[in-house]
1. Of (1) of a type in the set (S, T, N, Q); (2) under 20 Å from Ala69 (Cα atoms); (3) assigned to a loop (DSSP other than H, G, I, E, B), Thr112 satisfies all except one. Which?
2. Restrict the check to region 155-171 and report whether at least one residue is over 24 Å from Ala72 (Cβ atoms), within 25 Å of the chain's Cα centre (by Cα) and assigned to a strand (DSSP E or B).
3. Suppose we filter region 130-167 for residues that are surrounded by 17 or more Cβ atoms within 10 Å (Cβ to Cβ) and either under 17 Å from Tyr186 (Cβ atoms) or touching a helix residue (DSSP H, G or I) at 6+ places or on another chain (Cβ under 8 Å) (or both); how many remain?
4. Tell me the residue from Glu80, Glu12, Glu25, Glu106 that is under 30 Å from Leu155 (Cα atoms), assigned to a helix (DSSP H, G or I) and either at pLDDT 90 or above or out of contact with any Ser or Thr (no Cβ under 9 Å at 6 or more places or on another chain) (or both), please.
5. Would you check if Arg118 is within 43 Å of the chain's Cα centre (by Cα) and at pLDDT 90 or above?
6. Out of region 172-185, which residues are under 18 Å from Lys100 (Cβ atoms) and either of a type in the set (S, T, N, Q) or not in a loop (DSSP other than H, G, I, E, B) (or both)?
Amino acid sequence: MNSANARQRADELAHRLQKRMTELEQERHIAPLPPVVAGGALVVPAGLLAQFLPAKPSVDPGLFARDPAAIARVEQVAMEAVMAREARLGYDPDDVSREKRGYDTESKVPATRDAPNRLRFIEVKGRAVGAETVTVTKNEIITALHVPEQFLLALVEVDGDVARQVRYLKRPFHREPDFGANSVNYDIADLLSCADISEAG
């Protein structure tokens, strides 16, 4: 290696050494940033939490989505309550729920001198205490719209094996469901605010 090449090589090594020493000096002054909290969790024992929550109704509304036996039992209690109510009002009710007519009970009104026999078409919906929604099929809604003077939606609040309240809603629906809908979930509070409510029908 001639002297010119040797000097160039020495300059390069000196420059690399200086650069590396500068980097090492900078690394000595590195300090961590303050931690950033991205989330948190509070763990509460279930027993303690239960002491502060309101008591649940004897029938959990969530069972309706999970337990077919609970659904069938509530529907049975609701149907029995409506049939008994119709009989007390002097009507002659008939359970036609298996025939899928768009209503569950066909109740005959006794004829009078001024009016012939007529029918009341009652769709029965049993809901557990605390339930906030009710599902109505497309067929039931269309039936209600086609015979508004005769159709009643019976909302029955069921607690265990007891029907706590029976409310008849006249003209509960105002339009047909969308073409592709098989059923519609209604907010019970909205239904009660928009329909004519009668304890006696």
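1. (2) is the only condition that Thr112 fails.
2. Our first condition is that a residue be over 24 Å from Ala72 (Cβ atoms); within region 155-171, this holds for 170-171.
Still in the list and also within 25 Å of the chain's Cα centre (by Cα): 170-171.
Cutting the leftovers down to assigned to a strand (DSSP E or B) gives us 170.
So far as region 155-171 goes, yes, one or more of its residues are over 24 Å from Ala72 (Cβ atoms), within 25 Å of the chain's Cα centre (by Cα) and assigned to a strand (DSSP E or B).
3. Our first condition is that a residue be surrounded by 17 or more Cβ atoms within 10 Å (Cβ to Cβ); within region 130-167, this holds for 131, 134, 136, 138, 140-141, 143-144, 150-158, 163, 166-167.
If we keep only those that are either under 17 Å from Tyr186 (Cβ atoms) or touching a helix residue (DSSP H, G or I) at 6+ places or on another chain (Cβ under 8 Å) (or both) too, we end up with 131, 134, 136, 138, 140-141, 143-144, 151-158, 163, 166-167.
Number satisfying all stated conditions: 19.
4. Numbers: Glu12 fails: under 30 Å from Leu155 (Cα atoms); Glu25 fails: under 30 Å from Leu155 (Cα atoms); Glu106 fails: assigned to a helix (DSSP H, G or I).
Going through Glu80, Glu12, Glu25, Glu106 in turn, the sole match is Glu80.
5. Numbers: within 43 Å of the chain's Cα centre (by Cα): yes; at pLDDT 90 or above: no.
No; evaluated as a whole, the condition is false for this residue.
6. Asn182, Ser183, Val184
The values are calculated or read from the model by the stated rules, or taken from the named source; none is laboratory data. Because the structure is a prediction, the values reported are computed rather than measured. Neighbour counts run over all protein chains shown; Cβ positions are idealised from the backbone, glycine included.
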